[in-house]
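The values are calculated or read from the model by the stated rules, or taken from the named source; none is laboratory data. From a predicted model like this one, the values you see are computed outputs, not experimental measurements. Virtual Cβ from ideal backbone geometry, glycine too; neighbours counted across all protein chains shown.
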Amino acid sequence: MRVVIAEDSVLLREGLTRLLTDRGHEVVAGVGDGAALIKTITELDAQGELPDVVVADVRMPPTHTDEGVRAAVQLRKANPGLGVLVLSQYVEERYATELLAGSSRGVGYLLKDRVAEVREFVDAVVRVAEGGTALDPEVVAQLLGRSRKQDVLAGLTPREREVLGLMAEGRTNSAIARQLVVSDGAVEKHVSNIFLKLGLSPSEGDHRRVLAVLTYLNS
């Protein structure tokens, strides 16, 4: 896995680099602001060496507001196949929604505290690089609180909402079954019901699981 890290804290940037390289991944560049991130990715793309994933802080110089996430959104529009995982000190709903509103593959939003859970963090980076999703449980919980006010998910049972929330965290059916202490078959039935109630018919061109998660987050 080839990674570019965008983080203005040199200490954290070096720490993330060490975590990933110690596990056999290649950090091809480390930058400290959004402009440098866009420049680096543009140059790598021109050389035919686009990385698999970008790990970027939401807030970076010069204003320390939203430079990182704006750069991430811009990069996803220009390079749909590029995985983007953003890190944030707090749950910032607007930024999470903005990032997730684009391409439905290869996206993640984690709180920085999650980096301390090394295995989970590295697994999340790999999952995003491979085109999956990785959403912090706190992010999911906050967006769920908003989505409960909307009608689009009104037809789901409490258990189906719970399953959909775990899907949004990037969990597989087997992982959901272990979390809820139910059988894999029970989870598969819940997932099928979710697809049916959200009007997501089978299609070769669409990934129903991702579409269900996006419907849940954007509702």
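Can you tell me which of Ala56, Ala72 is part of a helix (DSSP H, G or I) and either modelled with pLDDT of 85 or more or assigned by TED's automatic domain parsing to the domain that holds Ala29 (or both)? None of the other options fit; the residue is Ala72.
Screening the stretch 132-153 for residues that are buried (at least 18 other Cβ atoms within 10 Å of the Cβ) and part of a loop (DSSP other than H, G, I, E, B) and picking the one that is modelled with the lowest pLDDT gives Leu153. Applying the set (1) more than 21 Å from the chain's Cα centre (by Cα); (2) within 20 Å of Gly170 (Cα to Cα) to Thr97 leaves exactly one unmet item: (1). Residues of the stretch 1-39 that are over 24 Å from Gln89 (Cα atoms) and assigned to a helix (DSSP H, G or I): Lys39 alone. Residue count for the stretch 1-28 under the criterion of being in contact with a Leu (Cβ under 8 Å, 6 or more places away or on another chain) and surrounded by 19 or more Cβ atoms within 10 Å (Cβ to Cβ): the result is 6. Name the one entry in Val53, Val86 that is free of Cβ contacts under 8 Å to residues at least 40 places away in the same chain, within 17 Å of the chain's Cα centre (by Cα) and crowded, with 16+ Cβ neighbours inside 10 Å. None of the others qualify; the one that does is Val86.
Here Leu180 passes the criteria (1) farther than 26 Å from Arg114 by Cβ; (2) at pLDDT 90 or above; (3) not small (Gly, Ala, Ser) except the one numbered (1).
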